[in-house]
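The structure under discussion appears below in the form of structure tokens.
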Amino acid sequence: MAEGALIQISGVTQQLEHMALRAFELRQRVIAHNIANVDSVGFRPLRVNFEEQLGPLRAAIEAQDSPDRIAALAAQVRPEVETEDATATPFATPGENLDEQLVALTKNTLDYEAMLTVVSRLGGLRRLAISGS
């Protein structure tokens, strides 16, 4: 692979790292919103659509598509807030779904912390590669 292609892929990787962190932050706010409304009869919980959007990008990477195609697909990925399941029935009783939301909050917190660790270590590797020490 040409050096220019590696630099382009590295830029996409950094773009996705930052986007993933923003998705975790957005998901934290969405879950907090869901918890705040858990007593609202008829409320439909929200969710963040992010991982689902990564499918075409993963397929392009696995197929070893060109760096330009991978960069174009990465640019299309955007975390979005949507209703959890449009076909699901809204909350019928106060407090319904609270346990699920608390589990989602805990999972998101752990995933966010893991992602921060990965990004920090990758940054350390980049600094090492640049400085040589």
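The values are calculated or read from the model by the stated rules, or taken from the named source; none is laboratory data. The shown structure was predicted, so the numbers you read here are calculated from the model rather than taken from an experiment. When we count neighbours, we look across all protein chains shown, and the Cβ atoms used for this are built from the backbone with ideal geometry, even at glycine.
Residues of the range 101-121 being surrounded by 14 or more Cβ atoms within 10 Å (Cβ to Cβ) and within 19 Å of Leu16 (Cβ to Cβ), which ones? Within the range 101-121, Asn108, Asp111, Tyr112, Met115, Val119 qualify.
Flag not set for Leu98, criterion: loosely packed, with under 11 Cβ neighbours inside 10 Å and of a type in the set (A, V, I, L, M).
From Ala32, Ala36, Ala60, grab the single residue that is modelled with pLDDT of 90 or more and surrounded by 16 or more Cβ atoms within 10 Å (Cβ to Cβ). If you could, list the steps in order and put the result at the bottom.
Numbers: Ala32 fails: surrounded by 16 or more Cβ atoms within 10 Å (Cβ to Cβ); Ala36 fails: surrounded by 16 or more Cβ atoms within 10 Å (Cβ to Cβ).
The match here is Ala60.
Suppose we filter Leu122, Leu105 for residues that are out of contact with any strand residue (DSSP E or B) (no Cβ under 8 Å at 6 or more places or on another chain), within 24 Å of Arg27 (Cα to Cα), among the aliphatic types (A, V, I, L, M) and modelled with pLDDT of 90 or more; which single one remains? Don't jump to the end; show me each part of the working.
On the way: Leu122 fails: modelled with pLDDT of 90 or more.
The unique qualifying residue is Leu105.
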